[in-house]
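Q: Once you've had a glance at the structure underneath, I'll fire off some questions.
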Amino acid sequence: MSDHAIYLEPAFVLHSRAYRESSLILDVLTQRLGKVSLLAKAVKNKKNTEISACLQPFNPILVSFYGNTGLRVLSDVELEPPKILLEGKALYCGFYVNELLKYLLHTDDPCPEIYLIYRRFLEQLQENFDNLETLLRFFELQLLEALGYGLQLTHDFSQDKAVVSEKKYHFIPDRGPVESKQGFISGDTLLSLQNKVLKSRQALFEAKKLMRLVFDFYLQGRQLRSRTLIKQLYQS
Amino acid sequence: MQRNGLLGQLIQGLCCLPGVGPKSAQRMAFHLLQRDRTGAEQLAKTLLQTLDNIDYCQQCRTLTEDKLCSICSHPGRDQSTVCIVESPADVWVVEQTAVFNGVYFVLHGRLSPLDGIGPEELGLELLEQQLSSGAVKEIILATNSTVEGEATAHFVGELARKYQIKASRIAHGVPMGGELEYIDAGTLSHAFNGRREID
Ligand SMILES: [Zn+2]
């Protein structure tokens, strides 16, 4: 046993994979410790269906575990009501966000804000079926901010000028907008993002392109399978 | 314990079985070699034969030694109702309840983007061919009640909708996280009868 025991830490399971016959290795987003890896021993069997139910992604849970860093051991888990229930497309958006967090967060790197942003996002996701895209875009913006990659949206650094609604821009992820006649995003969309209002279809479309560009940059070429899956779902 | 040579290989080979650790693998190996060499020979032959001959059923992808499994080729089964399950073991579970007289489609997994499992890995192209042929009138989604099972049910439900096929989801009498394997026959019968149509 260890000196470092954590009790009843608010958390979400991001991903779990089977380990040996009946155990799981979990990627867990905790409130105070950031993303941690937990070994959940002997939870996959008939007797422990309640525990494996708790350990489903998107459930707000309280986890207790011990161990220092690396792979720690889960000692207890309970649900922290109210439950969050995602269905249909919302479920797929949840997978997408989990995949982002899985790859962008470093293990054992505390970031309390991310837990809160994520929790709020899931709560909104289960209620706003019609606004999935807008919710995703604002989640992404907040996530970048929390990771220290906050976007600079209002200043054309190449010309040292403020972004203007009527003009078109290209975007460089770690620097910001550059005016260009062939740019994919309008000044209007950039300023709307800054003000956290996305209304028109065009603005949503451009914002999606922008986020894709930015996340591709930070994911360093890693392809997101949930993105592909969402596309396949819409095609079918 | 590290052993070299054939005996070590055998022990390690036995460790690939569920529930078998190095200790019991060692016991099994000694038992086969010391006490039951005929049994061992038979086991080895059978293993090789099954590996050579058992493959996926061409219609439902369950394990069978024929082109079509005994369910798909049974004249009494209703070919217009297809029950979608995650594993061949689930077919057995549902069969035990005797509430279902249609045929199956076995996914051998569930959609799980974070594990790199998409529609291609689950044979959904083959399923779509069957749905598009017009022979299927109803599908019953009996994937596990986990988030991945739900996501899979949603995806297949959308496929069914594309071909205007009725789709229903079994009503698990178990909490989220429940796997078909762990449900008793009574509960599962209820789940089948209480299935609800998805729109
Ligand atoms: Zn078959």
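Q: For the stretch A:181-236, list the helices (runs of 4 or more DSSP H) that sit wholly inside it and hold at least 1 residues that are in contact with a strand residue (DSSP E or B) (Cβ under 7 Å, 6 or more places away or on another chain) and among the acidic types (Asp, Glu); which are they?
A: Passing ranges, in order: A:201-219.
Q: Search the stretch B:128-165 for residues being more than 11 Å from every other protein chain (Cβ to nearest Cβ) and assigned to a helix (DSSP H, G or I), and hand back the single one that is farthest from the chain's Cα centre (by Cα).
A: B:Ser132
Q: Regarding A:Val73, is this residue over 22 Å from the mean Cα position of the chain (by Cα) and not hydroxyl-bearing (Ser, Thr, Tyr)?
A: For A:Val73, the condition - over 22 Å from the mean Cα position of the chain (by Cα) and not hydroxyl-bearing (Ser, Thr, Tyr) - is met.
Q: Let me ask another. Select, from A:Phe138, A:Phe95, A:Phe58, the only residue that is over 22 Å from B:Pro113 (Cα atoms) and either more than 14 Å from chain B (Cβ to nearest Cβ) or at pLDDT 90 or above (or both).
A: Going through A:Phe138, A:Phe95, A:Phe58 in turn, just one is over 22 Å from B:Pro113 (Cα atoms) and either more than 14 Å from chain B (Cβ to nearest Cβ) or at pLDDT 90 or above (or both): A:Phe138.
Q: Next question, about the same structure. For the stretch A:1-32, name all the residues that are farther than 22 Å from A:Pro81 by Cβ, within 22 Å of the chain's Cα centre (by Cα) and hydrophobic (A, V, I, L, M, F, W, C).
A: The answer is A:Leu24, A:Ile25.
Q: Another one. Can you find a residue in the stretch B:106-116 that is of a type in the set (Val, Ile, Thr), in a strand (DSSP E or B) and either over 15 Å from the mean Cα position of the chain (by Cα) or within 14 Å of another protein chain (Cβ to nearest Cβ) (or both)?
A: no
Q: Please go through the stretch A:173-189 and give me each residue that is surrounded by 15 or more Cβ atoms within 10 Å (Cβ to Cβ), over 22 Å from A:Arg201 (Cβ atoms) and not polar (S, T, N, Q), ordered by number.
A: The answer is A:Pro173, A:Gly176, A:Glu179.
Q: Yes or no: B:Ser80 within 14 Å of the ligand (Cβ to nearest atom), among the small types (Gly, Ala, Ser) and touching a strand residue (DSSP E or B) at 6+ places or on another chain (Cβ under 8 Å)?
A: Answer is no for this residue.
Q: Check B:Leu6 against each of (1) within 29 Å of A:Ser23 (Cα to Cα); (2) at pLDDT below 95 and name the one condition it does not meet.
A: Only one criterion in (1) within 29 Å of A:Ser23 (Cα to Cα); (2) at pLDDT below 95 is unmet by B:Leu6, namely (1).
Q: Based on this model, can you work out whether B:Arg61 counts as within 11 Å of the ligand (Cβ to nearest atom), surrounded by 12 or more Cβ atoms within 10 Å (Cβ to Cβ) and farther than 21 Å from B:Gly109 by Cβ?
A: no
Q: From the set of residues in the stretch A:20-49 that are over 16 Å from B:Glu181 (Cβ atoms) and within 10 Å of chain B (Cβ to nearest Cβ), which is surrounded by the most Cβ atoms within 10 Å (Cβ to Cβ)?
A: A:Asp27
Quick grid of which residues meet (1) more than 16 Å from the ligand (Cβ to nearest atom); (2) outside the structural domain of B:Ser70 (by TED's automatic domain parsing); (3) hydrophobic (A, V, I, L, M, F, W, C); (4) in contact with a Leu (Cβ under 8 Å, 6 or more places away or on another chain):
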residue: B:Phe100; (1), (2), (3), (4): no, no, yes, no
residue: B:Tyr104; (1), (2), (3), (4): no, no, no, no
residue: B:Gly109; (1), (2), (3), (4): yes, no, no, yes
residue: B:Pro113; (1), (2), (3), (4): yes, no, no, yes
residue: B:Leu127; (1), (2), (3), (4): no, no, yes, yes
residue: B:Thr152; (1), (2), (3), (4): yes, no, no, yes
residue: B:Gln164; (1), (2), (3), (4): yes, no, no, no
residue: B:Thr187; (1), (2), (3), (4): yes, no, no, no
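The values are calculated or read from the model by the stated rules, or taken from the named source; none is laboratory data. Fair warning: this is a prediction, and the values are worked out from it, not measured in the lab. Every residue, glycine among them, receives a Cβ derived from its backbone with ideal geometry; neighbour counts consider all protein chains shown.
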